[in-house]
Each structure stands twice: as C-alpha cells, then as structure tokens.
Amino acid sequence: MAIFNAKDITLYFGAEMLFGGVTFEVEKGDRIGLVGVNGCGKTTLFRAIRGEVDYDAGEFVKAKDTVIGYMEQHVIRESSVSVYDEVLSVFAEVMKLESELDELNSLIGAGNSTPEMLEKQMLLRERFEAEGGLTYRNRTMSSLLGLGFTLPEQEKPVSVLSGGEKAKVQLAKLLLSGADLLLLDEPTNHLDIAASTWLEKFLLDYKGAYIIISHDRYFLDTVTTRTLELENKRLTAYKGGYSAYRKKKEEDLEVAWRHYENQLEEINRIKGIIEQQKRFNQERNYITIASKEKQIERLEAELVKPQTLPKKLRFGFHCTDPVTDEIMTAKNLSVGFDGETLFRGVDIEVRKHERVFLLGANGSGKTTLFRILMKQLVPETGNVIYGPGVKQGYYDQLMTGLTDSKTVMDEIWDAYPKLTQTGVRTALGSFLFSGEDVFKKIGALSGGEKARVALLKLMLSGCNFLLLDEPTNHLDINSREALEDALDSYAGTIFIISHDRYLINKLATRLYKLTPDGAQSLDGNYDDYLAATEGAAVLTAAKTREPAAGDSANKQDYMRRKELQSEIRKLTTKISRAEARIAELETRIADINGQMLSPEVSSDYEKAAELSQKLGELQSELDAVTDEWAEASERLEEIG
C-alpha cells in the first residue's frame with residue numbers, strides 16, 4: 001500500500017524548468033535511492049515534498065497518519081544541554097508519559113490507590129510500553145555510540161560541537177523520531193566507515209520507508225532496493241540498488257541507440273529509393289515517391305534521439321617511472337598535540353605501482369600523517385624517506401592550494417605557464433569547464449567544481465606518487481567514476497585516505513588501518529578487510545570473554561551465537577544480491593522478448609537466433625540465481 005505519491009510534479013526556477021512530470025510512489029517499507037548529477041534538483045525535490053518550496057504543477061499525496069521525517073525538523077539548539085539530552089528530546093511525549101506513570105506509581109505505593117487509579121496505571125503502562133518507553137534511553141545511547149559519540153562525548157554540551165558533529169546529532173534525532181518515511185540527504189557525509197556501517201544496519205532493520213540522496217555507492221548498494229534517477233529534467237525508476245540501476249541504464253541506452261541508428265538507416269534507404277525513382281521520371285514513379293515520402297514522415301515523427309550519459313571527467317594522469325621499487329618508507333612516526341599523543345610507532349612502506357589506502361576513524365590523525373609524509377609537519381619521532389626519482393603530488397581535501405581571487409583559467413595557467421591558451425582551454429574542457437565557465441572566480445565555485453580544478457592541477461604535474469586526501473568527497477557519482485577509471489589506468493603509485501568503500505574495493509591492493517599505537521597492514525580491498533576484521537572480532541571476543549567458573553558450555557554457546565550471527569549476515573547479503581540480480585535478469589528477459597516481437601527482428605533469422613540464444617542463457621542464469629535465493633532464504637528461516 002502506498003504511503004506517499006508524487007504525481008506529475010513540475011518545478012521552475014524563473015523561466016527555466018528544473019524538472020517536470022516527476023511521478024513515483026512510496027510503499028510501506030520501501031528502500032529508495034535518489035541519484036543524479038549535482039544541480040539536477042534532488043535536494044529541491046526533497047524541499048518540495050517538505051513544503052519548503054512551491055512547485056508549479058502536480059500534487060503530492062500523503063496517506064493518512066503518514067509522518068515524514070527529515071533533518072531540518074531537528075534543528076540543534078545552541079545551548080549547554082548535553083548531546084545525549086538533545087537527542088533524548090525526540091522522546092518528549094514518552095518522557096511525559098514516564099513522568100505521569102512515576103507520579104501515579106508513587107501515589108499507589110504510598111497506599112493511596114483507588115480502582116480508578118489502578119486502571120489508569122495499567123493504561124498508562126500499556127501506552128508507555130507500546131511507544132517504546134522501556135528502551136528509549138538505551139536506543140538513544142546506542143544510536144549515539146553507533147554514530148561515533150563515546151559516552152564522555154555524549155555528555156558534552158551541544159554548543160561546543162563542530163558543524164559535522166551537530167549534523168550527526170540531527171541524524172540521530174531523525175532516526176529515532178518514529179517517522180514512517182525518512183528523507184535522508186547525504187546521511188554519510190560526516191560519517192567514518194564504522195559509523196556508516198552502523199547506519200546501514202540501522203536502516204536495514206528500520207520498519208518504515210526511506211528515500212536517500214547519496215553519492216556513496218557502496219552505501220546505496222547496501223541499503224536500497226529501488227533507484228530513482230533525476231536526469232535531463234525527468235525522473236526514471238529502476239529496480240535494484242545503485243549497481244543494478246547503472247547496469248540496466250547502460251543496457252537500455254545501448255538498445256535505444258541501436259534502434260535509433262536502425263531507424264536512421266531505414267530512412268536513408270528509403271531516401272535512396274526516392275532518388276532512384278526520380279531518375280526514372282515517369283508518372284508511376286511519382287506515385288511511389290509520394291508513398292515513400294509519407295513513410296519517411298512517419299519514421300521521422302517516431303524518431304527520438306536517445307539521451308546520452310552525463311559528461312564525465314576525462315582524466316589522464318601521466319608520469320615517468322622512478323628508478324626504484326621502494327617509493328616511500330616511514331619509520332616510527334609519532335605526533336601529539338597539547339601533551340596528548342595522536343599516534344605513535346607508525347611504520348608504513350609503499351612500493352612501486354601499489355594502490356594503498358589509509359583507513360581510520362574520524363580524528364585518528366590520517367590527514368596529519370599525510371602532512372608528515374609531505375614534509376609539511378615535523379613528527380615528534382621517526383622519519384620519512386623517498387626513493388630516488390620519486391616525485392610526489394598531494395591532493396588536500398581542504399584545497400588550500402587554490403586562490404579564491406583567481407579565475408579558473410588563471411589558476412591553471414599560472415601554475416603551468418608553458419601551456420598555450422589553447423592547451424589550457426583544452427585541459428579545462430576535459431574537466432567540464434567550457435565557454436564562460438573558465439572565467440569564474442575560484443571563490444565562487446561549488447565544492448565539486450573546486451575539486452575538479454585541484455585534481456586538474458595535480459593531473460598536469462606529472463607526479464609519479466600521488467597522495468590523495470578524500471579525493472571523492474565533493475564529487476558527484478559520475479565524476480567519482482571517472483576519477484576511478486583514471487586512477488585505475490594511472491601508471492604511478494597512489495596512497496589514498498578515503499571513506500569511499502566503493503572506491504577502495506575497485507582500486508586497493510593494500511590497506512593500512514591507523515590506530516593510536518601504529519598502522520596495521522592488510523593485503524586486499526575493503527571487502528577483504530571487512531572479512532578479516534569480522535573474523536578477528538569473533539576470535540578476540542571468544543578469547544577475552546570470562547565465562548562463569550568451570551562453565552565451558554557458556555563459551556560454546558557464545559561461539560555458536562557468533563557463528564550464527566556471521567552466517568545470518570552472509571545469508572542476508574546473499575539474498576539481497578540475488579534479489580537485485582533476479583530483478584535485473586527479469587528486466588533483460590522482458591526486453592529481449594519485446595525485441596523478438598518487433599518486425600525488424602522477426603524477419604531477420606540470424607538476429608532472431610542470436611536473441612533466442614541470449615534468452616536461453618539469461619533464463620538459465622535466472623533459474624540458477626532463483627535456486628540460490630530459495631536455498632539462502634530457507635536456511636535463513638531455519639536459523640532466524
């Protein structure tokens with residue numbers, strides 16, 4: 001049953017339409033991702049749903065009793081109230097019930113009870129429990145812990161929090177608000193990997209529906225089962241998470257372009273017949289010509305040029321190889337501030353052509369470590385050695401190397417004065433700065449535009465060792481994918497700080513996890529890291545737990561529970577992936593069945609045979625995936 005509908009929503013900014021004909025529905029329990037390039041109108045659509053901006057046509061229909069929750073409802077007060085109490089305030093009605101119940105319990109406990117009071121006590125207790133009164137304090141503490149607030153930090157006054165910390169408090173309040181439909185706009189923006197993982201689990205367990213705007217593709221793949229894309233002022237719906245949507249979109253565009261090109265070929269063929277008939281110059285030929293011209297008119301009326309994918313950045317990092325395999329060695333690095341050690345005993349080694357990622361919680365010192373590696377900061381102990389011929393380039397997430405007063409063109413030309421004006425314009429064009437855009441001031445650019453300028457400067461440097469600090473933070477999805485492709489083909493060595501798990505999975509050959517007592521090394525990508533750390537956590541818990549004296553059965557029970565929890569996680573992931581693949585295969589099978597019914601294919605034996613073979617392959621895969629899904633679902637039901 002739909003709890004919310006958008007019907008033909010159209011919205012203009014001045015005379016220009018931002019989007020039109022936007023139609024979708026949200027059912028109870030829906031998990032929806034909303035994607036599109038920066039500036040396409042995603043956040044504006046959210047604001048229209050919330051009633052903050054007017055739209056020009058269409059309507060939103062909300063089911064009775066549906067409560068929509070969004071961050072801006074939970075503004076953080078600038079006060080001395082603690083973080084914990086600020087989040088607890090979303091349970092104001094529950095706390096009021098609790099107070100009434102406590103007062104009534106005291107009266108009854110003092111021997112002043114009446115039948116009416118006892119009945120009221122029972123009703124209050126039932127309502128209190130139904131509204132989560134028994135668990136609301138624990139849920140508040142658990143949510144804050146999950147989002148990265150330690151118990152001492154939960155007692156900090158709200159007034160001393162940073163902007164990012166306040167955003168996390170707002171998020172906690174929203175998640176606990178009890179809304180039926182959550183509107184989440186970039187919820188992972190201020191979260192490290194541990195907090196993002198907690199949020200994923202929270203959302204997967206959440207009973208309501210949600211729509212999420214995010215550039216975090218790993219997050220979208222984990223928590224969404226439908227994708228809405230705003231592109232070219234229109235909304236298109238797809239089954240599955242981000243990866244399934246992307247694949248289906250590319251397949252649809254490929255089919256659309258083939259159909260478009262076939263139509264053009266047919267029009268040109270008919271035009272050739274017309275030219276031939278004209279040369280015959282006889283009356284009956286003109287009858288044929290008129291018929292063929294009408295045929296062309298019909299085909300041209302149906303001819304629709306498919307949309308193209310949004311422009312991507314055309315990166316191209318070029319460099320010369322250093323003469324050594326040992327790019328960089330850091331030994332026994334330590335640093336502290338105000339008498340407190342941030343990290344110590346950090347040993348890091350990076351070898352030629354490696355793609356190394358640095359992980360760590362927010363505040364663990366990752367950026368500080370990079371500044372030490374770049375010789376911008378002197379460590380308390382240890383040293384850093386670069387191999388001969390190593391030329392390092394640094395992407396600073398704060399982009400401090402840009403000058404606000406310069407134009408985009410001057411920023412590049414001043415850094416590389418040997419380039420010609422044509423060369424500068426060509427380079428900027430490859431980073432989507434064209435026409436008058438090159439004369440924009442750096443200070444007037446968006447975060448994503450500044451990131452593109454900074455990355456272009458780095459691209460032109462010819463460095464063979466890149467240290468990149470959160471390079472995807474300000475980029476939309478298409479720009480992130482273009483950067484990944486460029487780094488994937490880059491001939492040098494890279495060392496990257498990132499919370500972008502999709503990026504880590506695609507590129508990483510090795511990871512370092514920064515801790516206060518050093519840096520732990522692990523071969524592989526993020527999924528390898530996750531498997532290793534989850535396994536280690538189970539073993540550590542089993543070893544450190546103190547069972548009751550002589551109670552080996554408790555230890556065995558603990559291990560069995562952990563094994564079951566691990567199996568449940570794996571089965572849940574397997575089922576989600578199978579469901580996404582089944583939806584994808586069903587769509588592809590339906591597309592091919594549609595193609596086979598078309599006159600162009602049914603009259604082409606070779607094409608029909610090719611599609612028939614493909615159909616058989618897809619059907620076989622669908623059967624196999626469905627069997628896997630059924631087996632995993634049965635097993636999950638057995639142990640669940």
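The values are calculated or read from the model by the stated rules, or taken from the named source; none is laboratory data. As the structure is a prediction and not an experimental result, all values here were calculated from the model. Every residue, glycine as well, gets a Cβ built from its backbone with ideal geometry; the counts of neighbours run over all protein chains shown. When the accessible area is computed, the model is the full protein with side chains, heavy atoms only, and any ligands, DNA or RNA have been set aside. Shrake-Rupley method; radii C 1.70, N 1.55, O 1.52, S 1.80 Å.
Quick one: count up the residues across segment 337-351 that are open to solvent by 30 Å² or more (accessible area, probe 1.4 Å), among the aromatic types (Phe, Trp, Tyr) and touching an Asp or Glu at 6+ places or on another chain (Cβ under 8 Å).
Qualifying residue count, segment 337-351: 0.
Of the residues 205, 185, 192, 216, which single one is touching a His at 6+ places or on another chain (Cβ under 9 Å) and surrounded by fewer than 21 Cβ atoms within 10 Å (Cβ to Cβ)? So that I can check it myself, show each step before the final result.
Numbers: 205 fails: touching a His at 6+ places or on another chain (Cβ under 9 Å); 185 fails: touching a His at 6+ places or on another chain (Cβ under 9 Å); 216 fails: surrounded by fewer than 21 Cβ atoms within 10 Å (Cβ to Cβ).
Answer to the check: 192.
Consider only pairs whose beta carbons are under 7 Å apart and that are at least six residues apart or on different chains; among these, list those whose first residue lies in segment 319-347 and is at pLDDT 90 or above and whose second residue is assigned to a strand (DSSP E or B) and acidic (Asp, Glu).
Listed by first residue and then by second, the contacts come to 329/349; 330/347; 331/347; 332/347.
Is it true that residue 237 is open to solvent by less than 60 Å² (accessible area, probe 1.4 Å), modelled with pLDDT of 85 or more and small (Gly, Ala, Ser)?
no
Identify the single condition in (1) farther than 30 Å from residue 136 by Cα; (2) buried (at least 22 other Cβ atoms within 10 Å of the Cβ); (3) in contact with a helix residue (DSSP H, G or I) (Cβ under 6 Å, 6 or more places away or on another chain) that residue 243 does not satisfy, given that it satisfies every other one.
So the condition that residue 243 fails would be (2).
Looking at segment 458-488, which of its residues are over 8 Å from residue 317 (Cα atoms) and in a helix (DSSP H, G or I)?
Those that are over 8 Å from residue 317 (Cα atoms) and in a helix (DSSP H, G or I): 458, 477, 478, 479, 480, 481, 482, 483, 484, 485, 488.
Among the residues of segment 423-448 satisfying the criterion of being open to solvent by less than 50 Å² (accessible area, probe 1.4 Å) and β-branched (Val, Ile, Thr), which is nearest to the chain's Cα centre (by Cα)?
Ranking the candidates gives 442 first.
Looking at this structure, is residue 126 open to solvent by 60 Å² or more (accessible area, probe 1.4 Å), in contact (Cβ under 8 Å) with a residue 12 or more places away in the chain and assigned to a helix (DSSP H, G or I)?
no
Taking only pairs six or more apart or across chains, which ones have beta-carbon atoms under 8 Å, a first residue in segment 400-417 that is without any contact (Cβ under 8 Å) to a residue 12 or more places away in the chain, and a second residue that is part of a helix (DSSP H, G or I) and open to solvent by 60 Å² or more (accessible area, probe 1.4 Å)?
Here the result reads 413/421, each pair linking segment 400-417 to a residue that is part of a helix (DSSP H, G or I) and open to solvent by 60 Å² or more (accessible area, probe 1.4 Å).
Go through (1) over 30 Å from residue 300 (Cα atoms); (2) touching a Ser or Thr at 6+ places or on another chain (Cβ under 7 Å); (3) not aromatic (Phe, Trp, Tyr) and name the single condition residue 152 misses.
Looking at each condition in turn, residue 152 falls short on (2).
With the structure loaded, tell me whether residue 90 is on the phi < 0 side of the Ramachandran plot and surrounded by fewer than 19 Cβ atoms within 10 Å (Cβ to Cβ) or whether it fails that test.
No; evaluated as a whole, the condition is false for this residue.
Return yes when residue 389 is modelled with pLDDT under 95 and under 30 Å from residue 164 (Cα atoms) and no when it is not. Don't jump to the end; show me each part of the working.
Details: modelled with pLDDT under 95: yes; under 30 Å from residue 164 (Cα atoms): no.
Taking the combined requirement at face value, the residue does not satisfy it.
Identify all residues within segment 52-104 that are among the polar types (S, T, N, Q) and modelled with pLDDT under 90; write none if there are none. Please lay out each step first, then the result.
Taking segment 52-104 and keeping what is among the polar types (S, T, N, Q), we get 66, 73, 79-80, 82, 89, 99.
The answer is 73, 79, 80.
Taking only segment 129-150 into account, find how many residues are open to solvent by 70 Å² or more (accessible area, probe 1.4 Å), in a loop (DSSP other than H, G, I, E, B) and over 18 Å from residue 205 (Cβ atoms).
Number satisfying all stated conditions: 1.
Among the residues of segment 184-198, which ones are among the aliphatic types (A, V, I, L, M), over 13 Å from residue 169 (Cα atoms) and at pLDDT below 95?
Of everything in segment 184-198, those that are among the aliphatic types (A, V, I, L, M), over 13 Å from residue 169 (Cα atoms) and at pLDDT below 95 turn out to be 193, 194.
Checking residue 457 against (1) in contact (Cβ under 8 Å) with a residue 60 or more places away in the chain; (2) over 24 Å from the mean Cα position of the chain (by Cα); (3) closer than 30 Å to residue 361 by Cα, only one condition comes out false. Which one?
(1)
May I ask you to list the residues in segment 42-58 that are buried (at least 20 other Cβ atoms within 10 Å of the Cβ) and within 19 Å of the chain's Cα centre (by Cα)?
42, 45, 46 - these are the residues of segment 42-58 that are buried (at least 20 other Cβ atoms within 10 Å of the Cβ) and within 19 Å of the chain's Cα centre (by Cα).
Please work out which one of (1) open to solvent by less than 60 Å² (accessible area, probe 1.4 Å); (2) within 16 Å of residue 306 (Cβ to Cβ); (3) under 21 Å from the mean Cα position of the chain (by Cα); (4) not aromatic (Phe, Trp, Tyr) is the condition residue 251 fails and give its number.
Here residue 251 clears every test but (3).
Give me the pairs, please: first residue somewhere in segment 187-211 and of a type outside the set (Val, Ile, Thr), second residue anywhere and assigned to a loop (DSSP other than H, G, I, E, B) and open to solvent by less than 20 Å² (accessible area, probe 1.4 Å), beta-carbon distance under 6 Å, and either six or more positions apart or on two chains.
Pairs that qualify, where the first residue is of a type outside the set (Val, Ile, Thr) and the partner is assigned to a loop (DSSP other than H, G, I, E, B) and open to solvent by less than 20 Å² (accessible area, probe 1.4 Å), are 195/147; 196/188.
Can we say residue 62 is more than 30 Å from residue 149 (Cα to Cα), open to solvent by 30 Å² or more (accessible area, probe 1.4 Å) and among the basic types (Lys, Arg)?
On the way: more than 30 Å from residue 149 (Cα to Cα): yes; open to solvent by 30 Å² or more (accessible area, probe 1.4 Å): yes; among the basic types (Lys, Arg): yes.
Spelling it out, residue 62 is indeed more than 30 Å from residue 149 (Cα to Cα), open to solvent by 30 Å² or more (accessible area, probe 1.4 Å) and among the basic types (Lys, Arg).
Mind checking whether some residue in segment 401-422 is surrounded by 15 or more Cβ atoms within 10 Å (Cβ to Cβ), modelled with pLDDT under 90 and not aliphatic (A, V, I, L, M)?
No, segment 401-422 contains no residue that is surrounded by 15 or more Cβ atoms within 10 Å (Cβ to Cβ), modelled with pLDDT under 90 and not aliphatic (A, V, I, L, M).
Quick one: which residue in 284, 298 is among the charged types (D, E, K, R), at pLDDT 80 or above and open to solvent by 90 Å² or more (accessible area, probe 1.4 Å)?
298
Condition first: polar (S, T, N, Q) and surrounded by fewer than 19 Cβ atoms within 10 Å (Cβ to Cβ). Now tell me which residues in segment 369-396 satisfy that.
Correct list: 376, 381, 383.
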